[in-house]
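Worksheet for the structure shown next.
Computed from the coordinates by the stated procedures, all read-outs in this text should not be read as laboratory data. The shown structure was predicted, so the numbers you read here are calculated from the model rather than taken from an experiment. FYI the Cβ positions are ideal-geometry reconstructions off the backbone, even for glycines, and counts take in every protein chain you see.
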Amino acid sequence: MTSSTKLNSWTGSDSLLKGARVLVVEDDFLILMELEAILSEAGADIASCRTVKDALALAETNGLTAAVLDIRLGRETIAPVARELAQRGIPFVFYTGQIDADAMRTEWPDRRFVPKPAQPRTIVKAVADLLHH
């Protein structure tokens, strides 16, 4: 079984996110690569970065349909990026090990927080839910 076939069996589909352009913001290189692979296998086109500055630049471009955001990037918080995306009407989900991030939960009570690590199907479903609501 190829890794692509294995992933598709986990996510349930290789086209669930077809046509989506997803911003992925994650400072850990290995986790970023994993997210890129998972979302790409599900059909998404990925724009990724590892800093708040780069994420803000990408958030200001047209064509994004959803985002997956880590809460902490080094010593910075992802809040400025989340605010920019919200202002532009781009839905996002937090993918984080900072589940007790009270300030973020207070500011974004209706946003989904997916705890790290998550199964590929959980990540894909979280993004698919953003696109279909």
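Structure above, values below:
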quantity	calculated
Share, in percent, of DSSP beta bridges within the chain that are antiparallel, nearest 5	10 percent
For region 107-112, Karplus couplings with θ = phi - 60° (6.51, -1.76, 1.60), whole Hz, Gly/Pro x	6, 10, x, 9, 8, 7
Where a label projected 7 Å from the Cα of residue 131 along Cα→Cβ would reach, residues of region 38-75 with amide N under 14 Å	38-47, 64-68
Residue 27-residue 88 pseudo-label distance in nm [points 7 Å out on the Cα-to-Cβ vector]	2.2 nm
Choice from 48, 40, 15 with maximal GNM fluctuation in the chain (Cα, 10 Å cutoff)	15
Residue-count net charge about residue 46 - beta-carbon cut-off 14 Å; Lys, Arg +1, Asp, Glu -1	-3
Cα-based shape type of region 85-133, given that a ≥ b ≥ c are square roots of the gyration tensor eigenvalues and the cut on a/c is 1.5	oblate
Simple Cβ-charge dipole of the chain, Lys/Arg +1 and Asp/Glu -1, about Cα centre, in debye nearest 20	200 debye
Anisotropy class of region 22-78 from Cα gyration tensor, a/c 1.5 cut	oblate
